[in-house]
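Written out below as structure tokens is the structure these notes cover.
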Amino acid sequence: MNKPFQKIVMSTLAASVVLATLSACAPLVVGGAVMTGMVVVDRRTTGMQLEDESIELRTAQGMRQNLLDNAHVNVTSYNRQVLLTGEVSTAADKDKANKVAQSQENVKAVANELTVQPVSSLTQRSKDAIISGQIKALFVDAKDLQSNAFKVVTENGVVYMMGRVTSREAQRATDIARSISGVTKVVRVLDIISEEELKRLSAQTSAK
């Protein structure tokens, strides 16, 4: 990909994520992106993608019903593993959020990365959205990664990555994320698969 086109792609992706973030006035974000109802081709089955979307929506609804308005919780599900990121006022609210997520049907695990601190500012969320957009753009540009194998969420400069990837891909993606200005830490909530499994998945995708 030539440099001018790469810059256009990065700017477009970053802007899209920012708009998605800024357009949501509610304190809850589902999946870190706007839900379009379209199934994105990735390493999960179509059924699993729809199940994850359903888990995100149900969990977000549970958060709205059980947490105070001053909580900011992002809900992301991948392969029925739920990632909670954002800010809550008390340790009790963090524990309550964990129980809400665990109580949802078909959830197999919860990674509770909520922090007990004041809700992040709109400026900080905009910076985080730009970081996520830049990382996704670099994943698209990387010849040794499949960008749609990852979900990326950024909170207060901390990047969270989900997906079904090999150890090689996980390290490569981590190195890319760490190269972005403003990233303070990378947390991997990944399903690690073997290179053989990756070849099998790639063959299945090519056959469709």
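Values in this text are rule-based calculations from the coordinates and carry no lab data. Given the structure is predicted, the values throughout are model-derived calculations rather than measurements. For neighbour counting, all protein chains shown are included, and Cβ atoms are generated from backbone atoms with ideal geometry for every residue, glycine included.
Only one residue in Asn74, Asn98, Asn79, Asn112 is on the phi > 0 side of the Ramachandran plot and out of contact with any Pro (no Cβ under 9 Å at 6 or more places or on another chain). Which one?
Values: Asn74 fails: on the phi > 0 side of the Ramachandran plot; Asn98 fails: on the phi > 0 side of the Ramachandran plot; Asn112 fails: on the phi > 0 side of the Ramachandran plot.
Residue meeting the stated conditions: Asn79.
Quick one: is Asn98 under 29 Å from Ala149 (Cα atoms) and assigned to a strand (DSSP E or B)? Please lay out each step first, then the result.
Values: under 29 Å from Ala149 (Cα atoms): yes; assigned to a strand (DSSP E or B): no.
Here the answer is no, as Asn98 does not meet what is asked.
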### Query
In the stretch 166-208, how many residues are small (Gly, Ala, Ser), closer than 25 Å to Asp128 by Cα and part of a helix (DSSP H, G or I)?
3
### Query
Got at least one residue in the stretch 182-203 being more than 27 Å from Glu87 (Cβ to Cβ), crowded, with 19+ Cβ neighbours inside 10 Å and among the small types (Gly, Ala, Ser)?
no
### Query
Across the stretch 101-156, which residue is nearest to the chain's Cα centre (by Cα) among those that are assigned to a helix (DSSP H, G or I), farther than 15 Å from Ala177 by Cβ and not small (Gly, Ala, Ser)?
Asn148
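Does the stretch 68-88 hold any residues that are in contact with a strand residue (DSSP E or B) (Cβ under 7 Å, 6 or more places away or on another chain) and not in a strand (DSSP E or B), and which are they?
Looking only at the stretch 68-88, we keep the residues that are in contact with a strand residue (DSSP E or B) (Cβ under 7 Å, 6 or more places away or on another chain), and these are 71-76, 78-79, 81-88.
Selection gives Ala71, Asn79.
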